[in-house]
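Undergrad: Quick one: the structure is below, questions incoming.
The values are calculated or read from the model by the stated rules, or taken from the named source; none is laboratory data. All values reported here derive from a predicted model rather than from experimental measurement. With ideal geometry, Cβ positions are generated from the backbone for all residues, glycine too; neighbour counts draw on all protein chains shown.
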Amino acid sequence: MNSLHRNYRISQSLAASERAPAMARRGKLLTKGNQIPVRLFHCAAAFVCLHLLGLPLLAERVELSYYLPSDHEYQDDVPSPSDHFGFQIGERHLEHAELIGYFKQLSSTSDRVICLEYARSHGGRPLILAIITSPENHDRLEEIRKAHLQQLRPTGDPGVSAETSLDELPLVINMGYGVHGDEPSASNAAPLIAYHLAASRSEEVESLLSSTVVLIDPCLNPDGFERFAHWANNHRGRVANADPNHREHQQGWPSGRTNYYWFDLNRDWLPAQHPESRGRLIQYHRWMPHVLLDYHEMGTGSSYFFQPGVEARNYPRIPKMTRALTETIGKFHAAALDEIGSLYFTRERFDDFYPGKGSTYPDLHGGVGILFEQASSRGHVQEGKWGELSFPFTIRNHVRTSLSSLRGADALREELQENLRTFYRNSLEMARHADVQGYLVSAPNDPARLHAFAEILRHHHIQAYWLREQVTVHGETYRPVDSLVIPGQQPEYRFLRTLFDRETDFPENVFYDVSSWTLPAAFNLQWTELSEAPPEEWLGEDAWEQSFPSRTWEASSEDLAYIVDYRGYYAPRTLYRLLKEEIQVGVAEQPFVLEQDGEEFDRGTLVVPLGIQPDRREQIVQTLRMAAAEDGVAVSATRSGLTTRGIDLGSDALRRVRMPRILLVVGGDVSPYEAGEIWHVLDERFGIPVSLVDMDRFSRVNLHVYTHVLLPSGGYSAWGDSTVSRLQRWLRDGGTLLAQGRAISWINSRQLTSVELREGREGPVSGRDHPTGDVADSSDADESVVSGRRPFASAEKDHALGLLRGAIFRVNVDRTHPLAYGYSSDQMYVFRNQRLFLEPARNVYSTPVAYLGRQQDAGHFAGYVPASDLDPLADSASVLVQQVGSGRIIIMVDNPNFRGHWYGTTRLFCNALFFGPLANEP
Ligand SMILES: [Zn+2]
């Protein structure tokens, strides 16, 4: 069968070869017309073209044999990367469209390759998966896939014939490149590996492909990759410059590491908030690979790393066998790198703890995830620890360990097959005997938030059902309309438990990433563990099938006002829709009960009066219809301004809400993650525009155009006195300044506020004042404290023990404060990943969110916290407001939009935008 017609699903619009540079097109054309041996001709073509176009000479030119083993012959009709591009890999950085174009070309010339597009990035770029296996396997690919899944999750799929022998099933290896866009050797290695597999005539490759399905994901982060390629290609000179200070090696803000909204996609495997990860998870669960390879880069001064990594920092739910297999495959990498004389390390620095990383996720799904890290040339050539580190050198190491992974996996074929099967067999067995037999979760009065939570479960193939009947467990009531029941006995039992884990104590308290991620806490849900399997009659509609919980409502010509329940997660989006249409909206500062049906409305309820804007009636109805459908908010109508209890609709406590005009400071020393999280939540989730203004342009912007200035965590010391006075003036005139994390220290140091920072114990950075409480985990006598001294070798670990890398706290909420409108409980969860401790506001009414007391361990709920941090945390402020003239500063110590999935705290953030101006000190 011609592979062109086989399953090629890349859409027309991404015909990348059409966007490939002229020289590549010309090279290809001439190649065909002149019948000159491809590679020989190609070099000449590239040379001529470069000179015709006047491009600078390339930094380094290498032969294909530099990258690939020399003992392979390649099919002539499959184009090598240089045939296709018109230059050799490594001579310059591939652009994303070029990269995709090559894979497209491979799929149309090789019967071993098909490509499918599995997602589009926020920036509209395609993510593709190249499936490479023997033509015979391609002919029965779907059957292979189904049989492979069937053995793990027996579902009795009729598409699988009983005769398919398990032993004959191919191994599935997923090779993922470049989740961090400025780690370019990864994605630039991918075409070489694909070419090798698609074109090699060797028996080794043919035999491998007859028993293996290779899935190559050449670029996991297209938007970041393109940003970096553009930077590196546009800053290299005619003469290669390895000076680390050269602009080529110093990216502008934001770097290419992150995706379109500046998120780290290698943390998004668990929260799955981005199209790249969502598409990838679909493919992951379609294929359930035995091995997943995750290719990265690290600092220029390093060498090469491949896992196993630090043993003591393996997440406890990962089976021991996974590490053993990783280690054995590692011997193949070692041999491959020894052969070319490349240095490497294997048991330090990186770990398998946070399950939302590409190399850890497979370990909790019966596979073996392996992380690779190459020292980065970050550009074409850069001075490294051992002299000049060239781009081709970095690519070659990744090529060689990609091939050694295939070799190693092939050698361990039976063990890997058994590992995957055993994992799922054992998971079911563990689930049967577990003390937790399931969970009930609820988002009271907010099915939209619960739906977003259920979406994450679906991405991880965790079964859940909407509750069918009202139940009360441990004194808490769960209602069918806003509750889910999740049975424990299911194939993904271990990942389900992982999502709900809330460890606070760890064998080793040093983490590469966060130490907690308890998902129901991030969503601020009410939940409970079930000690017995949930009865059948509880299970309602399959949560995977449920669409967004839209609502409808009926309008009548006699309506006097519409009431919008602000407890719905997307209510801020509704509010913005109304304000954008210039519809007048009020927010109730006090509760009230309507006369007609006795319904009670809490503080924060939105009221849209019709009598004062009679000509807008139709538009109001239309907007609220759309809001009910798309935002899932509950809308009620009233025919009277008189209520039976609480305020009437003409009360002074019904405050008019004004349209926010928001300026977000970016660039400079601002954290791109926190700025990106704000941009993402406003733009992508709530449909609210925000002006991104660079830090160094800020002083030239007329602030009085904006109602809000947002300062994400970051360093603002570049702003001088005149900027500070302008901010002060703007604040006094009524502006609302929102400061997060490290921005708080700056506004405090510039006397914009008078909040009091609490003295926390200094981190043991300098060694002068190391902690005494947290270092006692040492069983090694050499590491004990001897009269104020510590072993030199302990410094790094001691330092890590003083860090707070990501922990969850239960905090108290003042639900009468405008910033807390819409919350149904006076307790909620916050995520903390820094060590800034704030006294509550001097004005006793102005600390809407505060940590719990010392008796409750300051509300410590999950994750590692240095014990000595609990004292300064107890009763400290998480959110506080301080008035400045007619304006105010809202201080958020804890990031409310962490990694885009802290649905519980985004409301605090949105409230600061809409209700901040109502939050003046009483
Ligand atoms: Zn990386």
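Undergrad: Hey, any hits in the stretch 198-217 for a residue that's within 16 Å of the ligand (Cβ to nearest atom), surrounded by 22 or more Cβ atoms within 10 Å (Cβ to Cβ), modelled with pLDDT of 95 or more and of a type outside the set (G, A, S)?
TA: Yes, the conditions are met somewhere in the stretch 198-217.
Undergrad: Please specify each residue of the stretch 682-713 satisfying the condition of being in contact with a strand residue (DSSP E or B) (Cβ under 8 Å, 6 or more places away or on another chain) and not hydrophobic (A, V, I, L, M, F, W, C).
TA: Selection gives P689, S691, D694, Y706, T707, H708, P712, S713.
Undergrad: Exactly one of these conditions fails for L325: (1) in contact (Cβ under 8 Å) with a residue 40 or more places away in the chain; (2) surrounded by fewer than 18 Cβ atoms within 10 Å (Cβ to Cβ); (3) assigned to a helix (DSSP H, G or I); (4) not charged (D, E, K, R). Give me its number.
TA: (2)
Undergrad: Next up: For L325, all conditions in the list (1) touching a Ser or Thr at 6+ places or on another chain (Cβ under 9 Å); (2) modelled with pLDDT of 95 or more hold save one; what is the number of the exception?
TA: Tallying (1) touching a Ser or Thr at 6+ places or on another chain (Cβ under 9 Å); (2) modelled with pLDDT of 95 or more, L325 fails exactly one: (1).
Undergrad: Ok, one more. Which of (1) over 25 Å from R267 (Cβ atoms); (2) crowded, with 24+ Cβ neighbours inside 10 Å; (3) away from the ligand (no atom under 16 Å from the Cβ) does D338 not meet, given it meets every other one?
TA: For D338, the exception is condition (2).
Undergrad: Please list, ordered by first then second residue, the pairs with beta carbon atoms under 8 Å, 6 or more apart or interchain, first in the stretch 158-177 and small (G, A, S), second at pLDDT 95 or above and in a loop (DSSP other than H, G, I, E, B).
TA: Every condition considered, the pairs that remain are G176/L220; G176/G358.
Undergrad: Any idea how many residues of the stretch 165-197 are more than 16 Å from the ligand (Cβ to nearest atom), touching a Leu at 6+ places or on another chain (Cβ under 7 Å) and of a type in the set (G, A, S)?
TA: 1
Undergrad: May I ask you to list the residues in the stretch 621-639 that are assigned to a helix (DSSP H, G or I) and in contact with a strand residue (DSSP E or B) (Cβ under 6 Å, 6 or more places away or on another chain)?
TA: L624, A628
To keep it simple, each residue is scored yes or no on (1) of a type in the set (V, I, T); (2) closer than 30 Å to S255 by Cα; (3) within 16 Å of the ligand (Cβ to nearest atom).
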residue	(1), (2), (3)
E373	no, yes, yes
Q382	no, yes, no
R413	no, no, no
E418	no, no, no
F423	no, no, no
A434	no, no, no
G438	no, no, no
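Undergrad: Here's a follow-up. Checking the structure you have, find out if any residue of the stretch 314-333 is under 27 Å from I282 (Cβ atoms) and charged (D, E, K, R).
TA: yes
Undergrad: Residues in the stretch 457-473 that are of a type outside the set (G, A, S), in contact (Cβ under 8 Å) with a residue 12 or more places away in the chain and in a loop (DSSP other than H, G, I, E, B): how many?
TA: 6
Undergrad: Being of a type outside the set (D, E), on the phi > 0 side of the Ramachandran plot and surrounded by fewer than 20 Cβ atoms within 10 Å (Cβ to Cβ), is that true of even one residue in the stretch 592-608?
TA: Yes; the residues of the stretch 592-608 include at least one that is of a type outside the set (D, E), on the phi > 0 side of the Ramachandran plot and surrounded by fewer than 20 Cβ atoms within 10 Å (Cβ to Cβ).
Undergrad: Which condition breaks for D696 when tested against (1) more than 27 Å from L578 (Cβ to Cβ); (2) touching a helix residue (DSSP H, G or I) at 6+ places or on another chain (Cβ under 7 Å); (3) part of a loop (DSSP other than H, G, I, E, B)?
TA: Failing condition for D696: (2).
Undergrad: Filter the stretch 804-831 down to residues that are polar (S, T, N, Q) and closer than 22 Å to E600 by Cβ and give me whichever is surrounded by the fewest Cβ atoms within 10 Å (Cβ to Cβ).
TA: S825
Undergrad: Same structure, new question: I'd like the full set of residues that are more than 20 Å from A431 (Cα to Cα) and part of a loop (DSSP other than H, G, I, E, B), limited to the stretch 530-546.
TA: A543, W544, E545, Q546
Undergrad: So, one more: State whether the residues of the stretch 745-767 include one that is closer than 30 Å to T574 by Cβ and touching a strand residue (DSSP E or B) at 6+ places or on another chain (Cβ under 9 Å).
TA: Among the residues of the stretch 745-767, not one is closer than 30 Å to T574 by Cβ and touching a strand residue (DSSP E or B) at 6+ places or on another chain (Cβ under 9 Å), which makes the answer no.
Undergrad: Now for a separate question. What tally of residues in the stretch 311-322 results from selecting those that are crowded, with 21+ Cβ neighbours inside 10 Å and either in contact (Cβ under 8 Å) with a residue 60 or more places away in the chain or within 14 Å of the ligand (Cβ to nearest atom) (or both)?
TA: Residues meeting the conditions: 1.
Undergrad: Return the pair list, or none, for Cβ contacts closer than 7 Å from residues in the stretch 139-151 that are under 16 Å from I282 (Cα atoms) to residues that are of a type in the set (F, W, Y) and crowded, with 17+ Cβ neighbours inside 10 Å, at least 6 apart or on different chains.
TA: Cβ pairs passing all conditions: R145/W287.
Undergrad: Only residues in the stretch 89-106 that are of a type in the set (F, W, Y) count as the first member; pair them with residues that are assigned to a loop (DSSP other than H, G, I, E, B), Cβ under 7 angstrom, at least 6 apart or cross-chain, and list the lot.
TA: From residues that are of a type in the set (F, W, Y), the pairs are F103/P218.
Undergrad: In addition: When you check G568 against the structure, is it in contact with a helix residue (DSSP H, G or I) (Cβ under 9 Å, 6 or more places away or on another chain), surrounded by 15 or more Cβ atoms within 10 Å (Cβ to Cβ) and modelled with pLDDT of 95 or more, yes or no?
TA: Yes; evaluated as a whole, the condition is true for this residue.
Undergrad: Taking the stretch 801-817, which residues are modelled with pLDDT of 95 or more, out of contact with any Lys or Arg (no Cβ under 8 Å at 6 or more places or on another chain) and not in a strand (DSSP E or B)?
TA: Correct list: D814, H817.
Undergrad: Further, regarding this structure: So which residues in the stretch 845-897 are among the polar types (S, T, N, Q), part of a loop (DSSP other than H, G, I, E, B) and without any contact (Cβ under 8 Å) to a residue 60 or more places away in the chain, if there are any at all?
TA: T847
Undergrad: Looking at the structure I just gave you, is T552 in contact (Cβ under 8 Å) with a residue 12 or more places away in the chain, surrounded by 20 or more Cβ atoms within 10 Å (Cβ to Cβ) and among the polar types (S, T, N, Q)?
TA: Against the criterion (in contact (Cβ under 8 Å) with a residue 12 or more places away in the chain, surrounded by 20 or more Cβ atoms within 10 Å (Cβ to Cβ) and among the polar types (S, T, N, Q)), T552 does not qualify.
Undergrad: Let me ask another. Could you grab me the full set of residues in the stretch 292-310 that are surrounded by fewer than 19 Cβ atoms within 10 Å (Cβ to Cβ) and either within 13 Å of the ligand (Cβ to nearest atom) or outside any loop (DSSP other than H, G, I, E, B) (or both)?
TA: Answer for the stretch 292-310, where residues must be surrounded by fewer than 19 Cβ atoms within 10 Å (Cβ to Cβ) and either within 13 Å of the ligand (Cβ to nearest atom) or outside any loop (DSSP other than H, G, I, E, B) (or both): M298, G299.
Undergrad: Quick check on this structure: which one of R238, R280 is surrounded by fewer than 17 Cβ atoms within 10 Å (Cβ to Cβ) and away from the ligand (no atom under 14 Å from the Cβ)?
TA: Of the residues listed, the single one that is surrounded by fewer than 17 Cβ atoms within 10 Å (Cβ to Cβ) and away from the ligand (no atom under 14 Å from the Cβ) is R238.
Undergrad: Okay, next question. Return yes when W231 is away from the ligand (no atom under 14 Å from the Cβ), surrounded by 21 or more Cβ atoms within 10 Å (Cβ to Cβ) and under 26 Å from D351 (Cβ atoms) and no when it is not.
TA: no
Undergrad: Are there any strands (runs of 3 or more DSSP E) wholly within the stretch 347-456 with 1 or more residues that are closer than 25 Å to P491 by Cα, and if so which?
TA: Once the strands (runs of 3 or more DSSP E) in the stretch 347-456 are filtered for at least 1 residues that are closer than 25 Å to P491 by Cα, what remains is 368-375, 438-442.
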